[in-house]
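Structure first, then comments.
Computed from the coordinates by the stated procedures, all read-outs in this text should not be read as laboratory data. All of these numbers come straight from a predicted model, not from anything done at the bench. Because the Cβ atoms are built from the backbone with ideal geometry, glycine has one as well, and the counts that use them run over all protein chains shown.
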Amino acid sequence: MSTIYTATATASTREGRAVSSDGLLDVTLALPKELGGSGAGTNPEQLFAAGYAACFGSALQAVARREKVDASEASVTAEVGLAASEGGAFGLEVTLRVELPDALHGEVGESLVEKAHQMCPYSNATRGNIPVTLVVE
């Protein structure tokens with residue numbers, strides 16, 4: 001594999017700031033209220049969800065173009081859960097909700113979503129590491 005782009009960002013903890021090397025991303029980080037924090041900033045799970053949803057949506061569009069189908073009205077919502085496991089460790093779980101236009105429901109849509117799941121870098125990075133559930137809506 002040959003690297004074609006590298007993103008770089010720096011953060012110190014879940015509470016503080018995360019900044020990309022080019023300054024285009026500069027966000028305040030805070031623990032969510034559900035974890036006892038103020039909720040006054042974004043968190044790593046939200047950032048991961050946004051990245052995964054955008055990446056999967058792009059993979060879906062690329063597959064649709066290749067298959068000569070119009071999926072321009074499709075959208076992807078990523079739900080990233082933070083889960084506690086035994087021994088004090090934490091893990092992630094993801095549900096990808098892919099909303100397709102009515103014309104793509106059924107076998108064609110299911111095939112597009114599965115092919116996008118094979119193409120998407122986030123899906124490839126998480127495969128076998130965390131549970132990812134695909135839901136076609």
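Listed values, structure above:
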item	result
Among beta bridges that DSSP assigns inside region 44-136, antiparallel share in %, nearest 5	65
Hydrodynamic radius of region 1-42 per Kirkwood, over alpha carbon pairs, in Å	11.6
Distance from region 41-62 to region 71-115 (C-alpha centre basis), Å	10
Size of charge dipole - region 44-136 - debye, nearest 20, with Cβ of Lys, Arg +1 and Asp, Glu -1, no other charges	360
For LYS115, LYS33, order by how many other beta-carbon atoms lie within 10 Å, fewest first	LYS33, LYS115
Region 120-137 - phi-based ³J(HN,Hα) in whole Hz, Karplus 6.51/-1.76/1.60, Gly and Pro as x	5, x, 5, 4, 5, 6, 8, 4, x, 9, 9, x, 10, 10, 9, 10, 9, 10
Neighbour-count order for SER12, SER75, fewest beta carbons within 10 angstrom listed first	SER12, SER75
For region 74-120, convex hull volume per residue from C-alpha positions, Å³	88
Contact order normalised by residue count of region 1-42, Cα under 8 Å, 6+ apart, percent	25
The chain - percent relative contact order, Cα under 8 Å, separation 6 or more	17
Footprinting exposure proxy for PHE56, PHE48 (fewest neighbouring C-beta atoms within 10 Å first)	PHE48, PHE56
